[in-house]
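Reviewing the structure listed below.
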Amino acid sequence: MTTEGYRTDSGAAAVLSVEGLRKRIKGKWIIHDVSFDVRPGEIFGFLGPNGSGKTTTIRMLVDLIKPTAGKVMIGGYNVQKQPEQALRHVGCIVENPEVYPYMSGWENLEHFARMQPGIGEERIREVVEIVGMDQRIHDKVKTYSLGMRQRLGIAQALLARPELLILDEPTNGLDPKGIKELREFVRMLAAEGMSLFISSHLLSEIQLMCDRVAIINGGRVLAVGTVNELIDENASYVLWQVDQREQAVALLSKLGEVTLLEQGDHGIDDAVMTALPDAIVTTITPGAIPGIVQKLVSSGIGIEAVQKVSPTLEELFLKLTEGEGIV
Amino acid sequence: MSNLLPLIQNETLKIWKKKRFFVILLILAILIPIFTYAQMRMAENNKDKFADWRSQIIQQIADYQNALTSDRIPEEWKKYRRIMVQQLTYYLENDVDPSAPNAVTFTRGFMNNAVTLFIPLLVLSIGSDLISGERSSGTIKMLLTRPVRRWKILFAKLVALIFYISLTIISTLILCYAISGIFFGYGGWNLPVFTGFVINGAEVDSSGVHAVPHWLYIMMQAGLAWFSAVIVGLLSMMVSVLVRSTAASIVTMMATIIAGTILSNMASAWDTAKYIFSVNLQLTGYLDGSPPPIEGMTMLFSIGVLGVWGLIALIISFGVFTKQDILN
């Protein structure tokens, strides 16, 4: 039996490695083909719309559902064959942070601590402090707000000092302040060397939090890569606001590295467009912006703003699938 | 790997914190005084009518014999009455009062009546919630993603369930004795009671009958009631694994148990009904020699049938629970 991690292409041992995962439920294929690796210390995003198979995949990662085909390796152990070894260093929250409402937060933590050897009262106190719950920890959970349940769920997941933390839609139901806190918290954990696997249906959230991302739709992983490659460069728009719109459009249309887009050709959110009146929407070859700015300025056109705007998730999917011919 | 003991502690604690057992105690504490009061009224009534218990038994025998001559009474019922006549005669001949009013005979009578319906219902309130409760609250996802094999979790739940079933039987006995004693007095532990009647058709074979003190009789009764209750517990655990909601799980089990009670009362001519588990729950009936619900049933037969049902329930529970996908 090997305790050594599974080797990835990059040579680093993957904390989590998913290979050719497939699942059929009641004769219907829910997950067609899911493969990806999560490396030590990285924040890995799992991006897909609702119903794309995110939660089903996550359930297979933690042995709640048995895959029809394929395998999941955590820390070198097969989750389906050796769940006790594989899950020892995993903390997870699947969907909502569900804990026993008729017990206090502390009693809940004690309950889960008893399920694994080597977690004493000292460690419980530590995780309570990490999530900042010392004030209310002895109150019954049914009196907690959703945000507090979320914290308790994370505290529970951290109990066993996991190497991998799996969070399913962690920002659901949190207010903007809570989301910001969560983001900082996730970064802090990653800085300590923990790997995080975070699912979301919000592009912006993954952009803000993650290093690498797998994009899933219809039970298939469409792409795996760094957030930069997949989202920032591949699929973002450049919006120009200038003082002489006509001249600028005429100049930009002559440049090879620029594609001008009319209203309706792009998938930018309406709310964004209203905030940027008269903006010229373009897509630009990566790295060409400084040159274009110089050309505009030397032609006497004043630039008020240049900014990159992300497309919607739907459009990103469209772009990713176009090239591969999968619909 | 991780020890089973902390898991059992978890499951026991959860049932305790959920206050299920307090509800059981509360139900017992409310119902037993009601039954005690009814029993007391009956005893007072009899005292007014009869000089002593002997004349009361003689009257009872006469009533049964009158009924036997009537054409309107079905043959099955007559059979039951013939058996009762023979038993009462036996008590009379040996000068033992079968229903001397005291806390011990009340406890005996209560257990005898509670074993088919009342105790199973109390057991269901815990057993039916075992897995479905964790499913409907979603906590099963937390429970099963910990590095513990699923069979260990189910085993821990099973041990906790049997622990509370035992506690339920003991509390029933203690509460019965304590509450009824206030009205009837706490004596009667050493009064004899007859057991060992063998029923052959409509005849009672009293060659094996012997007197045992009441305390021993109640111990035997409690043991049999415990066995019935554990089987009901195992079946409710199985239903709880198979059905997602606690309510559906309780209703399913209640329906089968009540169906069994109805079937036993129909003095069934349907012979194969004796293999249904709920027809066999009245194990205590074999002790005092009441006629079985279906001819040919004996205590060993019933224990065997219940044992097989329990075993099947265990196999299905563990087989399904360790493999099933948690989708909700």
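The values are calculated or read from the model by the stated rules, or taken from the named source; none is laboratory data. It should be emphasised that the depicted structure is a prediction, and the values quoted were computed from it without experimental measurement. With ideal geometry, Cβ positions are generated from the backbone for all residues, glycine too; neighbour counts draw on all protein chains shown.
Does segment A:160-176 hold any residues that are closer than 18 Å to A:ARG123 by Cα and surrounded by 20 or more Cβ atoms within 10 Å (Cβ to Cβ), and which are they?
Keep residues of segment A:160-176 that are closer than 18 Å to A:ARG123 by Cα, which gives A:160-165.
Scanning segment A:160-176 gives A:ALA160, A:PRO162, A:LEU164, A:LEU165.
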Practice task
Report the residue count in segment B:174-190 for those that are on the phi < 0 side of the Ramachandran plot and surrounded by fewer than 18 Cβ atoms within 10 Å (Cβ to Cβ).
Solution key: 8
Practice task
Tell me which residues, restricted to segment A:193-232, are among the polar types (S, T, N, Q) and in a strand (DSSP E or B).
Solution key: A:SER195, A:SER199, A:SER200, A:ASN217, A:THR226
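Every residue, every condition in (1) crowded, with 18+ Cβ neighbours inside 10 Å; (2) in contact (Cβ under 8 Å) with a residue 40 or more places away in the chain; (3) among the acidic types (Asp, Glu), yes or no:
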{"position": "B:GLY260", "(1), (2), (3)": "yes, yes, no"}
{"position": "B:SER264", "(1), (2), (3)": "yes, yes, no"}
{"position": "B:THR272", "(1), (2), (3)": "no, no, no"}
{"position": "B:TYR275", "(1), (2), (3)": "no, no, no"}
{"position": "B:LEU281", "(1), (2), (3)": "yes, yes, no"}
{"position": "B:LEU287", "(1), (2), (3)": "yes, yes, no"}
{"position": "B:ILE294", "(1), (2), (3)": "yes, no, no"}
{"position": "B:THR298", "(1), (2), (3)": "no, no, no"}
Exercise for the section: Might you let me know whether segment B:319-326 holds any residue that is more than 14 Å from every other protein chain (Cβ to nearest Cβ) and either within 19 Å of the chain's Cα centre (by Cα) or in contact (Cβ under 8 Å) with a residue 40 or more places away in the chain (or both)? Expected result: no
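So, in segment B:128-178, exactly how many residues are among the small types (Gly, Ala, Ser), assigned to a helix (DSSP H, G or I) and within 14 Å of another protein chain (Cβ to nearest Cβ)? Break it down into steps so the answer makes sense when it comes.
Applying the first criterion (among the small types (Gly, Ala, Ser)) to segment B:128-178 yields B:128, B:132-133, B:136-138, B:156, B:160, B:166, B:171, B:178.
Remaining after also requiring assigned to a helix (DSSP H, G or I): B:132-133, B:136-137, B:156, B:160, B:166, B:171, B:178.
In the following step, the residues that additionally are within 14 Å of another protein chain (Cβ to nearest Cβ) were identified as B:133, B:136-137, B:156, B:160.
Residues in segment B:128-178 being among the small types (Gly, Ala, Ser), assigned to a helix (DSSP H, G or I) and within 14 Å of another protein chain (Cβ to nearest Cβ): 5 in total.
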Completion exercise
Within segment B:277-301, residues among the β-branched types (Val, Ile, Thr) and touching a Leu at 6+ places or on another chain (Cβ under 7 Å) come out as B:VAL279, B:THR284
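Of all residues in segment A:46-102, how many are in a strand (DSSP E or B) and under 30 Å from A:LEU318 (Cβ atoms)?
Within segment A:46-102, the subset in a strand (DSSP E or B) is A:46-47, A:69-74, A:77-78, A:90-93.
Narrowing the set further to residues that are under 30 Å from A:LEU318 (Cβ atoms) leaves A:46-47, A:69-70, A:72.
Number of matching residues: 5.
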Exercise for the section: Looking at (1) surrounded by 13 or more Cβ atoms within 10 Å (Cβ to Cβ); (2) over 21 Å from the mean Cα position of the chain (by Cα); (3) modelled with pLDDT under 90, find the lone condition where A:MET1 falls short. Expected result: (1)
Exercise for the section: Could you tell me whether any residue of segment B:130-139 is of a type in the set (Asp, Glu) and within 18 Å of B:LEU287 (Cα to Cα)? Expected result: no
Problem - Answer residue from segment A:33-66, given it is within 14 Å of chain B (Cβ to nearest Cβ) and touching a Cys at 6+ places or on another chain (Cβ under 9 Å) and is surrounded by the most Cβ atoms within 10 Å (Cβ to Cβ) among those - result: A:LEU61
Problem - B:LYS274, sole failed condition from (1) basic (Lys, Arg); (2) modelled with pLDDT of 90 or more; (3) more than 26 Å from B:SER136 (Cβ to Cβ) - result: (2)
Practice task
Would you mind telling me which numbered condition in (1) in contact (Cβ under 8 Å) with a residue 24 or more places away in the chain; (2) within 11 Å of another protein chain (Cβ to nearest Cβ); (3) not polar (S, T, N, Q) A:GLY76 fails?
Solution key: (2)
Completion exercise
Being within 27 Å of B:PHE110 (Cβ to Cβ) and not small (Gly, Ala, Ser) narrows B:THR36, B:THR69 down to just B:THR36
Handout entry: Pick from segment A:92-107, criterion in contact (Cβ under 8 Å) with a residue 12 or more places away in the chain, facing chain B (nearest Cβ under 9 Å) and of a type outside the set (A, V, I, L, M, F, W, C), ranking: surrounded by the most Cβ atoms within 10 Å (Cβ to Cβ)
Key = A:PRO97
Practice task
Kindly indicate whether any position in segment B:232-242 is surrounded by fewer than 19 Cβ atoms within 10 Å (Cβ to Cβ) and more than 17 Å from the chain's Cα centre (by Cα).
Solution key: yes
